[in-house]
Amino acid sequence: MSKFDKYLKRSVSQGHSLKDQPARGKVTSRLILRQATQRAQEMASNEDHPHGDETVGGAEREIKRGITVMKKVIRDRDRGVLIKVHWNEGGQLIEPNGSTLTSFIGALVRNEVPITCDNWRNKQLNEAKDKIWSEIKRCFDIEENRRDHCLKLAGKLLRGFRTFLSTTFLRDTEGTFVDAELPSKYASLISPKEWETFKSKRKTQEFKSVSETNRQRASSPAYPYRKGRVGYGRLEQSILTKENSSETSLPAHVLWKEARVGKDGKIKEDVQQIFEKCETLSQSIVPYEDTDCRSILSRALDVPEYSGRVRGKGFGITQKSLNIKKQKTPSNKELQQTLEALKAEVLELRKERERDRAAGFKDTSDKDSINCNFQPTIPEGISPCHLYLARPTYRMVGKGKVHNNLGELLHTKPLPTGSLKVSVDIALEKDALLPHPDDVSDATLLGDAIGSFVAWPTDLIIVGYETPTKSKAKDKGIAREIESVASQKEIPVAKKTEISKRTGAKKKNPSKYRACLHTYLETTDISDGCVRLIPMDGAIFGFEYAEPLGKEDFDQILYHTQLSVGVINTYMRYLYDKLMGPRGLEQRFSFLNPMKTNLTEMIRKPDEVRTYVVERFMADTDREKLFFLPFNIGDGGHWLLVAINPFKEIVYYLDSLHNDWTTYPAMKTIVDTIIQTVRAQRKIQVPKRKANNITWNRVECPRQRNNIDCGYYTLRFMKETLLMDRTDIPSDYFDEYRCAYYSKDQLDEIKEELCQFIIELQVL
């Protein structure tokens, strides 16, 4: 058996007979058969011409490399094995198997699309494109959304094949057109008729003119690419792998420079100068003042920016692929449906809360027991003190002495963070659990710690003041601090109402607007579980909706308890209507809805949080703005203010407990990621080493002195910043409003404003 027969038999058996192939397999099987036949003919020809003489007249030049067959891909397909391909962050093919898919697509397009096709967008090619994509999916594990990339790559490879045929067979060494015969090597791919049509198009004066222009432009590039067939995507992958970097991409100008490093590892001086110019530009550009829409690299090269491409990133990267796709904005009907569902859920929760109260439970703090004259700091040395706990209610549980000395130890061990050493003298609630159990004596209850030292949280220690007292009953006259332990325990709501009637004790409503609101509420059905809706214009939070307020929300304002997100949002509407609008501040300040950006949402739905905030930041990119984010740790917990200037990439952190942002790492990570996303969408290039350089400023703001006031402090921080009309917040806060803590009158001012505003809205 001759070499020809052996090769043909082996190749056809690996590709299987065309008759045995299903319809979808005919594309590749036909390709294998053609290529096997052509290769066998070449082998037979080589036997006749062992020295490989060229065709007379130079019509064909010797091409040592054979036609790509991709046998391994076909064998894996026939075994039912799909080859997994990988993509980088920008959507470019990378290793492993990126080059394999590229070669396979090239073989398919050369077989399925004639070389006479000059317009890849021609609708007549749709059938061939469908065949190419179908065959790719048969052989590779690839997502449907990669179809466009693969077909664009096929068009690019077809253009490259046509250029190769023209320069190799239809031009001599001086670039003059040569009327050559069809190369026998490609007779299995190109028919004689196609070849003649292909040649005739290249004889026209129009084609020659365009070809000469393009040839001259490509013959002497100022900064030639020196990485061969690697491509930018795989080059970026190799650099990151070599550096063992955790980054997923490189700045365009860094990648551009690396692509122009030769095999000797040397960088030309002109390339290095462009790179250094890019570095300088990236550090000197002020984002919100920048009006040039070109990238850093285009500016350094002093060339225009073309639409649909990203300079220095390679094939497959577009302006669109670098942006985060925006989610569809919900319609008014969808928002209304969501609102109705929310109202039903809120109503059910309130009914459940009322049932719990009727059973004798209470979830709010004992607000009347709070004295607003607490000392904000603890003096050095030993001082008498009162000891408090915050759960399940805020209450005094004992007395003792606090030891505030530098380097103080507890039983030879360092004190827990945020705590001081305390000696317990009196236990008013002996069964109260210690905040930090004593490891030495094994004490876990306050009664067991009498006469010994324990660690106590600093914010629950009150020094040098009388115990916070409740209103004295008219017929009893018993001070809260000398009541028995039993009398301090929670009383069911129904019983408390009877005691109030019997003793004549009443809740105080010293303000006229709070008193007025209280009177209004008594005439409504809100106490029965109904809610009122506060309309929120789309300009406030970026979307229109109605904020539901119920009895518990109104009670928070009237009786000074922890504020809910509904009350916070209502006050932000007050600030928008009364301060921002009349003063034109909406051009410099904006709000983020805390319902969408609290800690719980950031942990459970980080993508939705990022999308919402990025859309808010990108809605108005032509001016500097400060965005207020009242941040809640979730489940009705602590409030603090995060003020973000996305274009200067500065974050101001105002926490009335004087914690650091490291207390909430998830929040910092989300905010940093959002700012980096905005930077990418605005096409701001920064050096790799400065990609994470986002400035966080901890502001020494007024400090709260209990576990309730955080919401009121957060609202005052926003109000005072708006009154100052400053998008920068000093690290020691504004001189006009600097103080150790807010007075009772300052906090009552917030409640007064809220009550007056709700009455004016006429929603009751």
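Nothing in this text is a laboratory measurement; each read-out follows from the coordinates by a stated rule. From a predicted model like this one, the values you see are computed outputs, not experimental measurements. All Cβ positions, even for glycine, are placed from backbone atoms using ideal geometry, and neighbour counts span all protein chains on display.
Observations
- Here the gap between Arg171 and Arg229, fully extended at 0.36 nm per residue and compared with their Cα-Cα distance, gives a gain of 18.5 nm.
- Cα convex hull of segment 416-458, projected area averaged across orientations, nm²: 2.7
- Projected label distance in nm at Asp78 and Glu243, using a 7 Å step from Cα toward the beta-carbon: 4.5
- One chain, two ends: Glu544 and Lys744. Fully extended at 0.36 nm per residue, the span grows by 68.6 nm beyond their Cα-Cα distance.
- Distant-in-sequence amide contacts of Tyr742, defined by a placed amide H-H separation under 5 Å and a gap of 5 or more residues or a different chain, comprise Arg703.
- Note that segment 222-234 has calculated 3J(HN,Hα) couplings of 5, 10, x, 6, 10, 10, x, 8, 5, x, 5, x, 6 Hz, one per residue in order, obtained from phi through the Karplus relation 6.51 cos²θ - 1.76 cosθ + 1.60 (θ = phi - 60°); glycine and proline are x.
- Volume in Å³ per residue [convex hull over Cα atoms, computed for segment 587-635]: 61
- For the listed residue pairs Lys72/Lys201; Lys203/Lys266; Lys185/Lys268; Lys333/Lys744; Lys625/Lys751; Lys257/Lys596, the alpha carbons are over 32 angstrom apart in Lys72/Lys201; Lys203/Lys266; Lys185/Lys268; Lys333/Lys744; Lys257/Lys596.
- A simple spin-label model places the labels of Asp620 and Gln216 5.2 nm from each other, with each point 7 Å out along Cα-to-Cβ.
- Along each principal axis, Cα extent of segment 668-732, largest first, Å: 43, 27, 20
- Proximity of backbone amide H atoms, modeled 1.01 Å from N, is registered between Asn697 and Val651, Tyr652, Tyr653 at under 5 Å, excluding neighbours fewer than 5 places apart on the same chain.
- At q = 0.11 Å⁻¹, base-10 log of I(q)/I(0) for segment 512-761 (Debye sum, equal scatterers on each alpha carbon): -0.58
- Quarter of the Cα convex hull surface for segment 106-157, i.e. its orientation-mean projected area (nm²): 3.4
- Kirkwood radius and radius of gyration were both taken over the C-alpha atoms of segment 90-202, and their ratio Rg/Rh is 1.01.
- Sequence ranges 108-118, 401-411, 524-534, ranked by mean other-Cβ count within 10 angstrom, highest first: 108-118, 524-534, 401-411
- Additional length obtainable on full extension of the chain from Glu522 to Phe164, 0.36 nm per residue less Cα span: 120.2 nm
- Remark: segment 275-280, residue by residue, has Karplus-estimated 3J(HN,Hα) of 4, 5, 5, 4, 4, 5 Hz, where x stands for each Gly or Pro and the curve is 6.51 cos²θ - 1.76 cosθ + 1.60 at θ = phi - 60°.
- Computed about the Cα centre, the dipole magnitude for segment 375-464 is approximately 200 debye when only Lys and Arg (+1) and Asp and Glu (-1) carry charge, each at its Cβ.
- FRET efficiency for Glu700 and Ile759, using Cβ-Cβ distance with R0 set to 45 Å, rounded to 0.05: 0.80
- In summary, segment 687-764 shows an alpha-carbon radius of gyration equal to 1.44 times the 2.2 N^0.38 Å reference for compact globular proteins.
- Between Lys605 and His436, the distance separating the two model label sites (each 7 Å from Cα on the Cα→Cβ line) works out to 3.9 nm.
- Paired Rg and Dmax values of segment 375-464, which use every Cα atom, in angstrom: 11.9, 32
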